[in-house]
Amino acid sequence: MSVSNQPFLTCKVLMLFVVLTLFHYNASSKEPAKAIKISPDLFGIFFEDLSYAADGGLYAEMIQNRSFEYTPSDHSAWHSFTSWDFIKKGYGYGTISIETAHPIHSNNPHYVMLDIHEPFHDGIGLVNYGYDGISIKRGETYQLSVYFKSLLATPIEIMFTLRGKDNQELGTASFSVSSTAWKKYTAKIIATESFDDSRLELIAKTKGQLVIDMVSLFPEHTFKDRPNGLRADLAQVIADLHPKFMRFPGGCLVHGDGLGNIYRWKNTIDPVEERKTDRNIWNYHQSFGLGYFEYFQFCEDIGAKPLPVVAAGVSCQNSGGTWRIGGCGQKALSSEEMDDYIQEVLDLVEYANGPANSEWGSKRAKAGHPEPFNLVYMGIGNEDKITPEFEERYKLIADAVKKKYPNIIVVGTVGPFPDGEDYEKGWDIANKEKIEVVDEHMYKSPDWFWQHLHRYDNYDRNAAKVYIGEFAAHDTGRKNTFRSALSEAAFMTSLERNGDIVAMASYAPMLSNVKHQSWSPDLIYFNNTQILLTANYQVQKLFSNNQGDWYYPNVVELSAANTDSVKFSSSCVIDSETGDVIIKIVNGSDTDLTSLINLATFKKLENLANCSLLKGNPMDENTFEKPDVVYPEEFELSITKKISYKSPANSLTVIRIKKDK
Ligand code: AHR
């Protein structure tokens, strides 16, 4: 092999590690073989309301316990007044109570009654502390809404004030309430200062009896300015992944902590004041303000195919904390209950896809979306214990869906782990029932991912396709190390190589509020004002933004000198929409590695490629203090038919070569 050492690339940022050389390709090197058609929906996202991902997270509502529905069954110390305090100003006095006799809606039974005996001009009322404070920005507008009625038919003057730590006023709105029936009042509050930890005060200043419910404050600007919408900054970093699909609403949240806690989508689509709230399996509360309408809308807004997962008629096997005694807590709906449950699942398809004049399609239309949401995928079951009760119910639901909606692709489940009894039994059912796609979950060490780069090479190409619905490398201390992210990157190249049978994959979980973390590692951490994108996020983003639909084997080869005991993996795909060739090279070793890239197969490529490089130390982590420790550098690479590329130790390189048009 004769090698010219003359560097000839133009690097924007990076020069040091890229040694690009022309060479005569070794005659013994394999020519790229025939391309393999791979899934066009390979990389997507997993959303579960876990670690305050929805309420107190992506859902932009700023008032915690807005409808006074918190109870000890959500969380042992919680009650209707959690996150609220009764306040008396000056010499004002009166009483406060929780009532249930005449609610706005029976699904939302609790509300507050304020009996203002003597306001003394200053009044009495309530204060809400939001989710760890209410974070506002100077000059921004906030949308306030609240339901009131004045029981004695006397007009009652109400003042809302956003206040800071030293009691300073940060924005106000006022109402005169004379309605004797429940009525929604709305106003805008403009913040006069920025404050991360403000609170919202509601003061009644007139003698009388006032009932109050659904006290709500949203930033006026939500993601895509949707009403009842999502936190714009968080939604944007999710959108930046350009996921091909979004799985929701979980995770374990779907099959629930006992039968009464199974996620019921119909409870989540009516106007928010009529949604029936529930406890969250992760030990807090679900307002369902982010419900099925908002999930579908978000999928559409970010160009992701919706992948709702419904329970398979059984609850989580760990219900009641029985994971401590082997996970024997699975409960099954009775056969009488199954008929209604199956209908509920069928109705979900109609809700998403049915015409605007169908029973359930009309509810979608009424909520503001007459066009269908184009549902294609539906998951049935989430990593359930594979019992006869599960199997029977799964089959009833799946058969009914396929019978009524043959075009819906049903995703089954093969238990919580990537091997073992449930996995085996789940696959037996998949083979017997000819399930189209099954959901495998894997939370394993970084080494496990490196050791399983060939896991799917020998999977039966005629059996079910695989959706890796939850995966993440769990490093020591379950930290988001660069080492964990690189092992995921290596594994993802193997998913591309096997993209003919691996239909989809999603890292899990995606979101975590750092003050309420139930699980780690996660992809994205946040508090009220900051967002932390992990090294794992950077990897997911590079793969997700550089997906292809054809895989080309043997394009990248590790040079002979380097082939022993190194951690190395690569892939080459084409995105047929753009014609771009995309190469990914993962070097998990502590030394630089040279690989040979043979582009002879590809005609008409531009001669400069856009490249992204993530590199660092294996134990590097992004933190709120240092968020960009692991962050991609961009550079350009000159392209010839055959090139060599030196990937730095511990790195991921993505080389995107445009088709010359
Ligand atoms: O992703 C976190 C949890 O892990 C999911 O809820 C569950 O499906 C899995 O066990």
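The values are calculated or read from the model by the stated rules, or taken from the named source; none is laboratory data. Just so we're clear, the structure is a prediction, and the values are computed from it rather than from any experiment. Every residue, glycine among them, receives a Cβ derived from its backbone with ideal geometry; neighbour counts consider all protein chains shown. In case anyone asks, the SASA skips ligands and DNA or RNA and just uses the protein heavy atoms, side chains included. Shrake-Rupley method; radii C 1.70, N 1.55, O 1.52, S 1.80 Å.
Of all residues assigned to the stretch 386-394, at least one qualifies as being polar (S, T, N, Q) and over 27 Å from the mean Cα position of the chain (by Cα). Among the residues making up the stretch 152-176, those that are within 14 Å of Gly123 (Cα to Cα), aliphatic (A, V, I, L, M) and open to solvent by less than 60 Å² (accessible area, probe 1.4 Å) are Ile156, Ile158. Across the stretch 81-117, the qualifying residues are those that are small (Gly, Ala, Ser), surrounded by fewer than 19 Cβ atoms within 10 Å (Cβ to Cβ) and farther than 26 Å from Ala235 by Cβ, and the one among them that is modelled with the lowest pLDDT is Gly90.
For the stretch 386-396, the tally of residues that are farther than 12 Å from Ile435 by Cβ and away from the ligand (no atom under 16 Å from the Cβ) stands at 6. Could you tell me which residue of the stretch 439-496 is farthest from the ligand (Cβ to nearest atom), considering only residues that are among the polar types (S, T, N, Q) and touching a Leu at 6+ places or on another chain (Cβ under 8 Å)? The qualifying residue farthest from the ligand (Cβ to nearest atom) is Thr493.
If you check Ala356, Ala352 for being hydrophobic (A, V, I, L, M, F, W, C) and either more than 26 Å from Tyr377 (Cα to Cα) or more than 25 Å from the chain's Cα centre (by Cα) (or both), only one passes: Ala356. If you go through the stretch 70-88 and keep only what is part of a strand (DSSP E or B) and either more than 17 Å from Gly130 (Cα to Cα) or among the charged types (D, E, K, R) (or both), you end up with Asp85, Lys88.
On the stretch given as the stretch 249-263, residues that are surrounded by fewer than 17 Cβ atoms within 10 Å (Cβ to Cβ) and either basic (Lys, Arg) or away from the ligand (no atom under 16 Å from the Cβ) (or both) total 1. Would you be able to say whether some residue in the stretch 458-465 is closer than 16 Å to Asp41 by Cα, out of contact with any Ser or Thr (no Cβ under 8 Å at 6 or more places or on another chain) and not in a loop (DSSP other than H, G, I, E, B)? No - not one qualifying residue is present in the stretch 458-465.
Are any residues in the stretch 516-555 open to solvent by 10 Å² or more (accessible area, probe 1.4 Å), assigned to a loop (DSSP other than H, G, I, E, B) and under 22 Å from Cys252 (Cβ atoms), and if so, which ones? Once the filter is applied, which keeps residues that are open to solvent by 10 Å² or more (accessible area, probe 1.4 Å), assigned to a loop (DSSP other than H, G, I, E, B) and under 22 Å from Cys252 (Cβ atoms), the stretch 516-555 yields Gln517, Ser518, Trp519, Ser520.
Determine, yes or no, whether Ala490 is touching a residue at least 40 places away in the same chain (Cβ under 8 Å), of a type in the set (Gly, Ala, Ser) and in a strand (DSSP E or B). No: the conditions fail for Ala490.
Out of Val573, Val654, Val581, Val630, one residue alone is within 35 Å of the chain's Cα centre (by Cα) and in a loop (DSSP other than H, G, I, E, B). It is Val630. Flag: Gln286 does not match the condition of being over 21 Å from Leu375 (Cα atoms), over 17 Å from the mean Cα position of the chain (by Cα), within 16 Å of the ligand (Cβ to nearest atom) and open to solvent by less than 40 Å² (accessible area, probe 1.4 Å).
The set of residues in the stretch 137-184 that are of a type in the set (D, E, K, R) and under 19 Å from Lys88 (Cα atoms) comprises Glu157, Arg163, Lys165, Asp166, Glu169.
One line per residue, one yes/no per condition, for (1) surrounded by fewer than 20 Cβ atoms within 10 Å (Cβ to Cβ); (2) under 18 Å from Leu42 (Cα atoms):
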position	(1), (2)
Lys404	yes, no
Gly412	no, yes
Gly415	no, no
Asp422	no, no
Trp427	no, no
Lys432	yes, no
Glu436	yes, yes
Asp439	no, yes
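Which residue is most open to solvent (accessible area, probe 1.4 Å), if the candidates are limited to the stretch 333-356 and must be farther than 23 Å from Ile435 by Cβ and part of a loop (DSSP other than H, G, I, E, B)? Of everything passing the filter in the stretch 333-356, Pro355 is most open to solvent (accessible area, probe 1.4 Å). Annotation: of all residues in the stretch 370-385 being within 15 Å of the ligand (Cβ to nearest atom) and open to solvent by 10 Å² or more (accessible area, probe 1.4 Å), the one that is nearest to Val410 (Cα to Cα) is Glu383. The set of residues in the stretch 584-603 being surrounded by 20 or more Cβ atoms within 10 Å (Cβ to Cβ), among the hydrophobic types (A, V, I, L, M, F, W, C) and in contact with a Leu (Cβ under 9 Å, 6 or more places away or on another chain) consists of Ile585, Val586, Leu593, Leu599.
Return yes or no: is Thr192 closer than 12 Å to Arg138 by Cβ, surrounded by 15 or more Cβ atoms within 10 Å (Cβ to Cβ), polar (S, T, N, Q) and modelled with pLDDT of 95 or more? Spelling it out, Thr192 is indeed closer than 12 Å to Arg138 by Cβ, surrounded by 15 or more Cβ atoms within 10 Å (Cβ to Cβ), polar (S, T, N, Q) and modelled with pLDDT of 95 or more.
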